[in-house]
Structure formats: C-alpha cells, structure tokens
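**Q** One structure is given below, represented as structure tokens, and several questions about it will come after.
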Amino acid sequence: SACRILSCIFCSYFHWYGVETLHGPAYGPASHSPAASSTPSSSSAFRHVVPSRQIVERQPRMLDFRVEYRDRNVDVVLEDSSTVGDIKHILENELQIPASKMLLKGWKTGDVDDSTVLKSLHLPKNNSLYVLTPDLPPPSSSHSGALQESLNQNFMLIVTHREVQREYNLNFSGSSTIQEVKRNVYDLTSIPVRHQLWEGWPPSATDDSMTLAVSGLTFPCHRLTVGRRSSPVQTREQSEEQCTDVHMVSDSDGDDFEDATEFGVDDGEMFGVASSALRKSPMMPENAENEGDALLQFTAEFSSRYGDCHPVYFIGSLEAAFQEAFYGKARDRKLLAIYLHHDESVLTNVFCSQMLCAESIVSYLSQNFITWAWDMTKEANRARFLTMCTRHFGSVVAQTIRTQKTDQFPLFLIIMGKRSSNEVLNVIQGNTTVDELMMRLMAAMEIFSAQQQEDIKDEDEREARENVKREQDEAYRISLEADRAKREAQEREMAEQFRLEQIRKEQEEEREAIRLSLEQSLPPEPKEESTESVSKLRIRTPSGEFFERRFLASSKLQVVFDFVASKGYPWEEYKLLGTFPRRDVTQLDPNKSLLEVKLYPQETLFLEAKE
C-alpha cells in the first residue's frame with residue numbers, strides 16, 4: 001500500500017510538470033501478489049487518476065470508501081469523476097473476486113449500476129459500503145495466501161438430520177473446527193457428540209480439532225448427513241465397517257462429552273456457554289410489569305450468552321420504540337426491527353451467534369434501525385406480545401405470528417411507519433444466512449428510503465406553507481397592533497382635546513362670571529352735565545377697537561381696572577399704558593383717584609398683553 005501511494009504521488013508530480021511517467025507492472029496495484037494482499041484483515045486500495053498536464057484552477061474532489069466484505073475491510077480512495085465500476089475493479093484486485101460476481105450495497109440514493117458516475121450520487125467524503133457474493137465461486141489464489149483466505153471465508157454446511165429428514169443451513173467461518181460444528185449440531189438435533197453418526201466428511205477430515213479451511217470441504221457449500229448411533233457402545237471400527245463414508249468422533253473426544261448422568265452436566269457447550277446455563281436463565285421474566293425492566297434483563301442475558309457484539313436493543317415499551325422510530329422529523333426517522341426470541345427453537349443459538357451478532361449486521365442495524373426485542377418462550381409473554389401486535393399492526397399480523405411454529409423462531413419483523421398505520425415490510429425467519437439477512441434488510445431499507453424521500457418532500461412543503469402562514473399571521477398581527485395603536489392614539493388625542501376644551505370652557509365661563517360680576521359692581525357712568533368733576537377715558541384694545549367711558553375724577557383707579565376687566569381684559573393679563581408720557585398705569589396704586597394719577601380731565605390709554 002505504501003509503494004502504491006508513493007507511485008501515485010510520483011505520477012502526479014511528473015504529469016504536473018509535463019514529465020512523461022513510466023507505466024509498468026511495478027507501479028500498478030496488480031503487481032502485488034495475492035499473498036501480500038490477503039494477509040492483513042484490512043487493506044487499502046488507491047486508484048490513481050492521472051491529472052491534466054495543464055494547470056487547472058479546481059482540484060478534483062476525492063471520496064473515501066470503506067468497503068466491508070465478510071471479515072475484511074478495504075479502503076478505496078477515488079475521484080468523484082470515477083464510476084461504480086472503477087470501485088469494483090479495485091476490489092477485484094484486492095479481494096481476488098470477479099467484479100461480475102459482486103453486489104455492491106450501501107448506496108443511500110437511487111438505483112446504482114457500474115456506469116453510474118460517483119459525482120451524480122452527491123456522496124459525502126466518507127462512505128461505507130458492503131460487498132455481497134451469493135454466487136461466489138472458489139477463489140483462485142497462490143498457495144501462500146490460500147490458507148489465510150480460506151480461514152476468512154464462510155462455509156455453508158447443509159446438514160441433513162437422517163431420522164427426521166430435516167435440513168439445516170449452517171454458516172461457519174473457515175477458522176471453525178469440526179468439533180465446533182458437531183457441538184452446534186448437538187444443539188440443533190439433541191444428538192450428543194459421541195452418539196453422532198456422520199456421512200459426507202472428506203477423507204482428509206481425520207481430526208475433530210482440524211479447521212474447516214484445511215479439512216477439504218467443498219467451498220462455498222458442502223452437504224453432510226448426521227444420525228444417531230444405534231448402539232452407544234459401538235466402536236469406531238464397527239462404524240467404519242458399516243459405512244466407509246462415515247466420520248465419527250475420536251474416543252478421546254467422546255470421553256469429553258459423556259451424558260449428564262455420568263458427569264453431572266449437560267452434553268456439549270456452544271460458543272463457550274454451557275447448555276445448562278442457556279436453558280435455566282430466562283431471557284425475560286414472566287409477567288413483567290414494566291417493559292423497560294424486562295428489556296434490561298433481556299439485554300443483559302443476551303450479552304452473557306452471545307457476547308457484547310450484538311444489536312443495541314431499545315429499552316422501553318413498544319409504544320416508546322414507535323415514538324423514537326416514526327414520529328420525529330422525516331429526516332430522523334428509521335425503520336423498526338422487532339426481534340422475537342424463543343429459547344425452545346433449535347435455530348435460536350445459531351441465528352443469534354452467527355447472524356444477529358455478525359459485525360456487518362450489527363453495524364447496519366445501528367445505523368438504520370431502532371431494534372426492539374421480546375422473548376416468546378413463556379406463554380404469558382407470548383400472549384402479551386400478541387395483544388400488543390393486534391393493537392398496533394392488526395389481527396392479520398397477529399394471526400401470522402400466532403401460527404408460527406416454535407422451530408420457525410426466532411423471527412425478525414421489519415416495521416415501517418406510515419401516515420395512517422404501521423406496515424410490516426418483512427418477516428424474517430431464523431433459517432437464513434448472513435448474506436440473505438443483509439440483503440433483506442437492505443431491500444427493506446430501499447423501500448423505506450423511497451418513502452422517506454416522499455415524507456421529507458411533503459414535510460418541507462408543509463413547513464414552507466406553515467412558514468408562509470406564520471408570516472402572514474405575523475404581518476396581520478402587526479397590522480392589527482398598528483391599527484389598535486393608531487386608534488388608541490386617536491382616542492387619547494380626542495380625550496385630550498375634549499379635556500382641554502372642557503378646561504377652556506370652564507375658564508371662559510369663569511371669566512364670563514367674573515366679567516359680569518365686575519360689570520354689575522361698577523358705579524354708574526356720570527352724565528356729561530354732571531356738576532362733579534368728570535374724567536373721560538378713551539381706551540384702545542390690542543385689536544384696534546376703542547371704547548370710551550366717563551368716570552368721576554374722585555373715583556379710584558381700581559374702578560378703571562374693573563371696567564377694563566368687564567370688557568374681557570383683566571388687569572392680571574393686560575397692562576394699561578398711558579401715552580404722554582408713556583407709562584404703565586397698572587403699576588400705579590389702584591386706591592388713588594384718577595385725579596391723583598393725572599387721568600383728568602381726559603386721557604387715551606392703550607391695552608397691551610403682558611408677556
């Protein structure tokens with residue numbers, strides 16, 4: 001990988017400066033031997049796309065792909081102008097698998113074929129893909145890498161139980177031993193290892209500690225037949241005389257798996273967990289009041305049996321799982337996977353350990369599903385789930401689950417939330433393989449993704465309509481507030497005007513009352529032919545009008561002030577000015593007579609408003 005990276009760097013350098021690059025097997029990824037590429041569990045593949053010799057402004061966008069194939073991970077780095085077929089070509093060199101046999105899965109959008117350009121998929125920089133090879137032929141590799149490749153491959157063993165004429169499809173890695181196969185078959189058929197009579201093992205499979213990779217099994221599929229020995233004391237030599245194509249356990253192996261009556265333990269162990277422990281510890285308490293507590297015990301017991309690499313089970317009620325999966329924003333919604341466990345099914349342990357706990361399945365479920373579990377072993381728990389199933393999915397789905405036989409468990413229900421109801425997309429039974437389980441999960445995900453895109457579009461349109469409505473409502477509210485504020489301001493202005501008008505009227509009425517009072521209190525105007533001394537005053541108003549009156553010369557100056565006030569010019573607001581000399585009469589003592597203040601025999605006065 002380091003050589004290939006340096007090669008890509010040198011090629012880019014030479015082309016950038018216009019220097020011809022050297023092309024040859026030493027610089028290509030194909031020059032690496034299969035042994036070198038197959039030894040590590042995770043490898044890297046880089047596709048070098050030669051840049052233009054002319055300087056361009058925009059650098060190509062590079063995409064990183066982490067491709068998972070069984071127990072291997074391959075890192076691929078490509079420009080976004082490459083195609084899906086280019087990825088397969090790189091994987092063909094790395095995995096030694098023909099590109100035509102690959103099913104490249106994990107794309108998030110639309111249908112993808114080998115000619116699809118990566119740029120058209122609008123991918124993020126980092127991506128995860130899966131390779132499925134349901135029709136994979138035996139790989140051709142060198143002897144140095146064949147063993148490691150075989151250890152990483154999965155063998156499909158089709159085991160026929162002779163007495164009941166039933167077939168079991170079992171997946172085992174190449175690193176599993178023949179003894180492990182027999183222990184698993186004991187769990188399925190209840191035939192102790194030392195009582196198993198086998199047909200179909202290759203002649204080279206002479207030791208039960210031998211791995212499947214070196215046992216000579218036909219890859220990828222091999223058929224075997226198992227039955228119960230007619231006599232438990234029958235020797236290995238007698239068995240070989242009855243059938244030359246029979247593989248029996250050795251005497252030492254048989255001694256390790258005696259009956260419980262002889263050793264006080266159950267026959268066989270599966271995946272390092274005693275069978276007695278599997279049968280005696282329930283996955284879920286019967287008649288549990290709280291579903292969350294029941295799921296906590298289920299998760300703990302599942303981990304103790306099958307290890308910590310398992311799906312993350314949602315802790316809570318089924319209604320809460322619906323809420324988490326279906327009722328968020330459309331972009332955040334997921335599928336709901338319901339795992340129905342049954343301890344009495346012969347398929348349960350194999351399904352849980354080899355399929356449900358496979359890293360690819362666990363990773364895919366955690367990314368795209370909310371996983372909820374329930375134990376159907378106890379009748380009370382079974383009835384409780386069927387009641388929940390009828391309430392949420394209808395009687396048809398509940399009846400379908402009710403009619404499932406024990407040996408058809410465990411079940412995996414794939415649920416998709418719809419606008420009006422919840423739809424069961426798929427019911428997966430326990431007799432499946434990892435590849436088939438992954439393909440069915442991906443098929444459900446493709447249906448869900450199409451529906452999710454429609455929901456996202458509808459949600460965006462609905463939010464857009466709601467935003468427009470909110471904006472209109474806000475504008476209408478602001479308009480109403482403005483109108484109300486304007487109306488209130490007008491009302492306040494009118495009220496103020498009314499108040500001022502009232503004050504003005506009251507002041508006018510008060511003035512008028514004072515004026516009338518002063519007018520009535522004035523002494524009568526003396527006649528011209530009066531024998532007493534009379535002073536004639538001519539008073540000019542600010543508007544230019546004149547009014548005259550005669551006063552007795554002995555009258556006090558206050559009488560003149562009262563006369564002027566009775567005409568609407570109170571001396572508090574106006575001053576009375578004399579002409580020759582100019583003087584302010586209102587400043588004089590009002591108790592003096594007109595004669596004393598020299599307003600006799602006649603005088604012209606001016607009224608002027610005070611500042």
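The values are calculated or read from the model by the stated rules, or taken from the named source; none is laboratory data. The structure presented is a predicted model; accordingly, all values stated were derived computationally and were not measured. As a convention, Cβ positions derive from the backbone with ideal geometry for all residues, glycine included, and neighbour counts pool all protein chains shown. Surface accessibility is based on the protein's heavy atoms, side chains included, excluding ligands, DNA and RNA. Shrake-Rupley method; radii C 1.70, N 1.55, O 1.52, S 1.80 Å.
**Q** Ignoring ligands, DNA and RNA, what percent of the 1.4 Å accessible area of segment 540-611 is carbon and sulfur?
**A** For segment 540-611, the apolar C and S fraction of the accessible surface comes to 48 percent.
**Q** Between the DSSP loop rule and a limit of at most 13 other Cβ atoms within 10 Å, which trypsin sites (Lys or Arg not before Pro) in segment 325-356 are left?
**A** Lys329
**Q** Give me the one-decimal nm value for the distance between modelled label points at Glu488 and Glu596, 7 Å along each residue's Cα-to-Cβ direction.
**A** 6.3
**Q** Under the rule a/c < 1.5 gives rounded, and otherwise a/b versus b/c splits prolate from oblate, where does segment 348-477 land using the Cα gyration tensor?
**A** prolate
**Q** Continuing with this model, one more query. In segment 282-411, what percentage of the DSSP-assigned beta bridges are antiparallel, given to the nearest 5? Before the final figure, lay out each step's value.
**A** Working: 1 of 9 bridges.
Of the beta bridges lying entirely in segment 282-411, close to 10 percent run antiparallel.
**Q** On to the next question. With charges set only on the Cβ (+1 for Lys and Arg, -1 for Asp and Glu), what does the dipole of segment 160-220 come to about its Cα centre, in debye to the nearest 20?
**A** 80
**Q** Can you give the FRET efficiency for Glu519 and Glu611, using 1/(1 + (r/R0)^6), R0 = 22 Å, r = Cβ-Cβ distance, to the nearest 0.05?
**A** The pair Glu519/Glu611 has a calculated efficiency of 0.20.
**Q** Keeping every protein chain in place, order Met494, Met210, Met376 by accessible area at 1.4 Å, biggest value first, i.e. largest first.
**A** I get Met494, Met210, Met376, largest accessible area first.
**Q** For segment 431-472 and segment 537-611, what is the separation of their C-alpha centers, rounded to whole Å?
**A** 100
**Q** On full extension of the chain, what length is gained from Glu163 through Glu506, given 0.36 nm per residue of separation minus the C-alpha to C-alpha distance?
**A** Between Glu163 and Glu506, full extension yields an extra 111.3 nm.
**Q** Can I ask one more? Please list, by residue number, every one of the GluC sites (Glu not before Pro) in segment 288-354 that is coil in DSSP and has at most 15 other beta-carbon atoms within 10 Å.
**A** Glu289, Glu344
**Q** Accessible area per residue for segment 385-493 in Å², computed with a 1.4 Å probe and the full protein assembly in place, what is it?
**A** 59
**Q** For a quick check of your reading of the filter: which trypsin sites (Lys or Arg not before Pro) in segment 392-435 sit in a DSSP loop and have no more than 11 other Cβ atoms within 10 Å? Could you put the intermediate results ahead of the total?
**A** Working: sites: Arg402, Lys405, Lys418, Arg419; in loops: Lys405, Lys418, Arg419.
Those that pass, being in a loop and sparsely packed, are Lys405, Lys418, Arg419.
**Q** On full extension of the chain, what length is gained from Ser128 through Ser366, given 0.36 nm per residue of separation minus the C-alpha to C-alpha distance?
**A** Gain in length upon complete extension: 84.3 nm.
**Q** Now for a separate question. Less than 20 Å apart at the alpha-carbon level, and either on another chain or at least 8 residues along: which aspartates and glutamates does that give for Lys418?
**A** Glu319, Glu324, Asp332, Glu446, Glu454, Asp455, Asp458, Glu459, Asp460, Glu461, Glu463
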